[in-house]
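The values are calculated or read from the model by the stated rules, or taken from the named source; none is laboratory data. It should be emphasised that the depicted structure is a prediction, and the values quoted were computed from it without experimental measurement. In this analysis, Cβ positions are derived from the backbone assuming ideal geometry, glycine residues included, and neighbour counts consider all displayed protein chains. The protein model used for the area step is the full one, side chains on, heavy atoms only, and it has no ligands, DNA or RNA in it. Shrake-Rupley method; radii C 1.70, N 1.55, O 1.52, S 1.80 Å.
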Amino acid sequence: MTTEPTIGVLALQGDVLEHARALEGAGARTLTVRRPEELERVDGLVVPGGESTTMWRLARAFDLLEPLRKRIEAGMPAYGSCAGMIMLADRIEGGVEGQETLGGIDMTVRRNAFGRQVDSFEAPVPLTGMGDTPFHAVFIRAPWVEGVGDAVQVLGRAESGPNVGRIVAVRQGRLMATSFHPELTGDHRVHHYFADLVRRAMEED
């Protein structure tokens, strides 16, 4: 019998509903998370896109910053898309003064690396472990990964345009992140991959 995990979507900002629908399409129950007590009820968490500085400030205002860090440090699986990638990075470039992250992935992420809103674009990105067909990735004010530590697996790189070779998808243990927004497509492979990661973590625990 397949375990049905409960995966939270951090509901401070961003594409909360779209992520929830994609997760449900991947066989997970979902819960919006705005408070520490809601965080305690989930087996894994999606940190959606949005604006990373606003997300950080709201997480602190809602008394969620430290509970989020503690759950991640304790082994809770988490997936971050776009701004969520920045939130899961141990180090950021181009952030505002004093900007904090949740951390967990040994990587340096450059904020707004692909440009402003008008520079948004779509491109195929092959993703390790998610089938042979490249993923149709949507990049909106997207970051990229400047560098990763030895424990980080690169799942995807940009394969076209002036930024060819830039890292846009990573995984470290139970944590994963993408520069792009898979919730804006009808392709749920990234969410299936994360839901499976959460299921394996539940079996291990």
| query | Size of region 67-200 along its principal axes in angstrom, Cα-based, largest extent first? | reply | 38, 37, 27
| query | Looking at region 65-119, which GluC sites (Glu not before Pro) are in a loop (DSSP not H, G, I, E or B) and have at most 14 other Cβ atoms within 10 Å? | reply | E97
| note | Note on region 160-205: C-alpha Rg/Rh, Kirkwood Rh, two decimals, gives 1.07
| remark: The percentage of the accessible area of the chain (probe 1.4 Å, all protein chains present) made up of carbon and sulfur atoms, to the nearest whole number, is 46
| request: Would you pull out the residues with amide H under 5 Å of E93's amide H, same chain only if 5 or more places away, H placed 1.01 Å from N? | output: V109, R110, R111
| request: Please work out the FRET efficiency for the pair D205 and R29, using the Cβ-Cβ distance as r and a Förster radius of 22 Å; give the result to the nearest 0.05. | output: 0.80
| query | Working out 0.36 nm times the residue gap between S120 and H136, then minus their Cα-Cα distance, what length gain in nm do you get to one decimal? | reply | 4.4 nm
| For S81, what charge total do you get from the other residues with a beta carbon under 9 Å from its beta carbon, if Lys and Arg give +1 and Asp and Glu give -1? | -2
| request: Can you bin region 39-100 into rounded, prolate or oblate? Criterion: square roots of the alpha carbon gyration tensor eigenvalues sorted a ≥ b ≥ c, rounded for a/c under 1.5, prolate for a/b above b/c, oblate for the rest. | output: prolate
| Taking N as the number of residues in region 1-93, what value does Rg over Cα atoms divided by 2.2 N^0.38 Å take? | 1.02
| query | For the chain, what does -39500 (n - 2.57) per DSSP helix run (n ≥ 4), summed and divided by total residues, give at 222 nm, in deg cm²/dmol to the nearest 500? | reply | -7500 deg cm²/dmol
| message | Which of rounded, prolate or oblate describes region 9-62 when judged by the alpha-carbon gyration tensor and an a/c cut-off of 1.5? | response | oblate
| request: Enumerate the whole-percent occupancy of each 5 Å bin, from 0 to the last occupied one, for all C-alpha pair distances of region 73-132. | output: 4, 14, 21, 21, 19, 14, 5, 1, 0
| Rounded, prolate or oblate (a/c below 1.5 giving rounded, otherwise prolate when a/b exceeds b/c) for region 91-168 by Cα gyration tensor | oblate
| query | If you rank H136, H188, H181 by how much accessible surface each has, with a 1.4 Å probe, what is the order from largest down? | reply | H136, H188, H181
| Estimated FRET transfer efficiency when R0 is 22 angstrom, pair D63-E97 (beta carbons, to 0.05) | 0.45
| message | Could you work out the relative contact order of the chain? I mean the mean sequence separation of Cα pairs under 8 Å and 6+ apart, divided by the number of residues, in percent. | response | 20
| remark: Distance in nm between S160 and E40 label points, each 7 Å along Cα→Cβ, equals 4.9
| message | For a quick check of your reading of the filter: which trypsin sites (Lys or Arg not before Pro) in region 108-205 sit in a DSSP loop and have no more than 10 other Cβ atoms within 10 Å? | response | R116
